[in-house]
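J.: Pasting a structure below so you can have a look.
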Amino acid sequence: MSLLKRLGGVPEAPPAQPTPQAKPSQPMDSVPEYRSSSLTPLASPPPPPSASPTPAGGSLSALASSVSAATPIGFNDKDQQQKMLDLSLWIVDKIQASVGSQTQLTRNEESERLIQERFGTFLRQSNAPIEQDQAKQLYQMVLDEMFGFGPLEQLIRDDSISEIMVNAKDVVYIEQRGKITLSSVHFASDDHVLKVIDRIIRPLGRRIDRKWPMVDARLPDGSRVNAIIPPCAIDGPSITIRKFSKKKLQVTDLINFGSMTKEMAEFLRACVVSAMNVIVSGGTGSGKTTLLNVLSNFIPDGARICTIEDSAELQLGKEHVLRLESKPADLDGSGLVTIRDLVKNSLRMRPDRIVVGEIRDGAALDLLQAMNTGHDGSMSTVHANTPRDAIRRLETLSLMAGLDLPVAVIREQIASAVHVIVQQARLRDGSRKVVAVTEVQGMESGQVVLQDIFIFEDQGDTPDGKVMGVLRPTGTRPKFTPILEAHGFKLPPSIFGASYPGQRR
């Protein structure tokens with residue numbers, strides 16, 4: 001019985017007319033393994049990964065209508081996975097050859113009808129002995145390869161996955177609910193990985209080659225992408241994708257997750273509304289950008305906000321937002337636009353608030369100067385493990401500006417510019433918490449003086465490996481309390497009182 005009849009009696013389309021040199025159809029075991037073929041990206045830019053097929057007839061309309069965009073592609077047999085991948089890429093090559101190697105298909109009703117018809121034809125020609133569920137998944141794999149990012153699509157669709165790490169063509173790790181595990185997803189070859197990288201960066205005008213083997217980019221949904229290829233990547237092309245939730249998190253979500261308490265949230269809201277300058281500090285993967293997004297939602301409506309990033313990730317839920325993104329150099333080395341260039345330019349754009357996604361170089365000094373010259377309420381993130389380390393990091397980055405300033409002058413700039421450091425951490429059980437909210441109080445004996453307002457007390461682990469702890473105030477009110485009160489925030493003593501029992505998670 002044919003595949004289509006097993007799928008519900010859908011009438012078969014007439015078989016494609018064989019060419020004079022046509023070879024007999026091959027069973028699945030003998031489908032040519034996909035190597036480095038003429039397969040090219042077929043859509044530029046690709047649609048959002050969440051888009052699902054909308055069949056409009058054709059020989060596989062019944063099959064297509066039963067395919068869900070969330071269909072998982074997973075087989076227990078690794079050899080079977082490889083055969084399915086080879087078959088899907090073989091069908092994609094056949095479809096591309098049938099429509100012309102120079103033709104680029106965009107995702108619409110007509111192209112999907114064509115793909116349904118050609119898919120049925122070439123699947124019959126392959127004589128692959130696959131079952132109905134496998135056929136559905138194979139069709140989804142073909143769509144992913146034609147219009148999306150190939151094997152990565154199934155991981156991108158899974159909202160429970162927060163990070164995708166392609167170490168090599170057959171080594172793909174994922175972070176899911178705070179835990180890193182090896183997935184069953186793999187690519188056919190290094191060339192296959194390179195083609196997916198090209199699909200990601202082409203719409204953004206970015207480039208990657210042996211002379212410049214690294215690139216930062218983003219997916220259509222805003223997820224951050226970093227790719228590195230040989231000769232720098234020894235084991236083959238590597239891709240790291242930091243996914244962002246399709247749902248914009250609010251402060252109530254962080255409270256429900258146990259990342260902060262209501263008292264912390266109320267204090268931080270008062271700081272942002274009152275135009276305190278805030279630095280979010282934390283390690284890699286600690287949730288700095290997510291927290292910065294949440295804090296940015298506290299900015300009053302009507303304020304002109306200028307966001308500056310290497311790869312646009314911030315998703316501010318505000319109307320008056322001007323988004324700026326750095327630009328890599330062109331092939332001849334010209335045209336480079338850095339974060340520092342954008343910070344300087346933003347000062348001429350009449351911003352009320354400046355939000356820098358992350359400061360990594362001499363732009364730190366320019367941001368500090370902006371904070372000290374009337375752009376209060378600005379925010380940024382920095383890589384550091386403690387609030388004290390964040391101060392040292394700002395010092396080091398400011399020295400990279402090349403102005404030969406004494407460290408004492410830079411420290412004075414930091415002490416007068418930064419009001420609050422919010423320390424974010426990824427704990428050993430994978431959870432993310434605000435572990436300190438610290439006030440920058442000024443200078444004393446040549447050192448920047450810090451005072452914790454809230455802290456997280458680690459109390460060990462539960463039997464199932466969850467971190468126990470208390471988020472509590474230290475009993476100290478910040479020195480800038482009069483400024484908060486001038487903006488209408490008369491916070492009750494209970495927010496800062498040592499008697500507050502905290503929150504256990």
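The values are calculated or read from the model by the stated rules, or taken from the named source; none is laboratory data. Being a predicted model, the structure only gives us computed values, none of them experimental. Here the Cβ is made from the backbone with ideal geometry for all residues, glycine too, and neighbour counts use every protein chain on show. Keep in mind that these areas ignore ligands, DNA and RNA; they rest on the heavy atoms of the full protein, side chains included. Shrake-Rupley method; radii C 1.70, N 1.55, O 1.52, S 1.80 Å.
J.: Looking at (1) under 30 Å from Leu368 (Cβ atoms); (2) touching a residue at least 24 places away in the same chain (Cβ under 8 Å); (3) of a type in the set (A, V, I, L, M, F, W, C), which one does Val470 not meet, given that it meets all the others?
T.: So Val470 meets the others, but not (1).
J.: Scan (1) open to solvent by 10 Å² or more (accessible area, probe 1.4 Å); (2) under 22 Å from Ala188 (Cβ atoms); (3) modelled with pLDDT under 85 for the single condition Ile130 breaks and write down its number.
T.: (1)
J.: Filter segment 357-385 down to the residues that are among the β-branched types (Val, Ile, Thr) and surrounded by 17 or more Cβ atoms within 10 Å (Cβ to Cβ) and list them by number.
T.: Ile359, Thr381, Val382
J.: Please state which of the following conditions Arg323 fails to meet, knowing it meets all the rest: (1) touching a Leu at 6+ places or on another chain (Cβ under 9 Å); (2) surrounded by fewer than 16 Cβ atoms within 10 Å (Cβ to Cβ); (3) more than 30 Å from Pro213 (Cα to Cα).
T.: Looking at each condition in turn, Arg323 falls short on (3).
Conditions tested, residue by residue: (1) surrounded by fewer than 21 Cβ atoms within 10 Å (Cβ to Cβ); (2) under 16 Å from Tyr139 (Cα atoms); (3) modelled with pLDDT of 80 or more.
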site	(1), (2), (3)
Leu87	no, yes, yes
Asp93	yes, yes, yes
Glu110	yes, no, yes
Ile115	no, yes, yes
Phe119	no, yes, yes
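J.: What number of residues in segment 488-498 are exposed (fewer than 14 other Cβ atoms within 10 Å of the Cβ) and under 37 Å from the mean Cα position of the chain (by Cα)?
T.: 1
J.: Would you point out the residue of segment 281-326, among those that are of a type in the set (S, T, N, Q) and part of a strand (DSSP E or B), that is farthest from Asp253 (Cα to Cα)?
T.: Checking each candidate, the answer is Thr307.
J.: When both residues are 6+ apart or on different chains and their Cβ atoms are under 8 Å apart, which pairs have a first residue that lies in segment 286-304 and is within 12 Å of Val321 (Cβ to Cβ), and a second that is open to solvent by less than 10 Å² (accessible area, probe 1.4 Å) and assigned to a helix (DSSP H, G or I)?
T.: What qualifies is Ser296/Val272; Ile299/Val272.
J.: How many residues does segment 225-280 contain that are in contact (Cβ under 8 Å) with a residue 24 or more places away in the chain, charged (D, E, K, R) and outside any helix (DSSP H, G or I)?
T.: Within segment 225-280, residues that are in contact (Cβ under 8 Å) with a residue 24 or more places away in the chain, charged (D, E, K, R) and outside any helix (DSSP H, G or I) number 5.
J.: Right, here's the next one. Just checking, which of Leu138, Leu182 is within 15 Å of Gln81 (Cβ to Cβ), open to solvent by 10 Å² or more (accessible area, probe 1.4 Å) and at pLDDT 85 or above?
T.: Going through Leu138, Leu182 in turn, just one is within 15 Å of Gln81 (Cβ to Cβ), open to solvent by 10 Å² or more (accessible area, probe 1.4 Å) and at pLDDT 85 or above: Leu182.
J.: Continuing with the same structure: Which residue pairs have Cβ atoms closer than 9 Å, lie 6 or more positions apart in sequence or on different chains, and pair a first residue in segment 434-456 that is open to solvent by 50 Å² or more (accessible area, probe 1.4 Å) with a second residue that is of a type in the set (D, E, K, R)?
T.: Short answer, once both residue conditions are applied: Gln441/Lys479; Met443/Arg411; Met443/Glu412; Gln447/Arg411; Gln451/Glu439; Gln451/Lys479; Asp452/Glu439.
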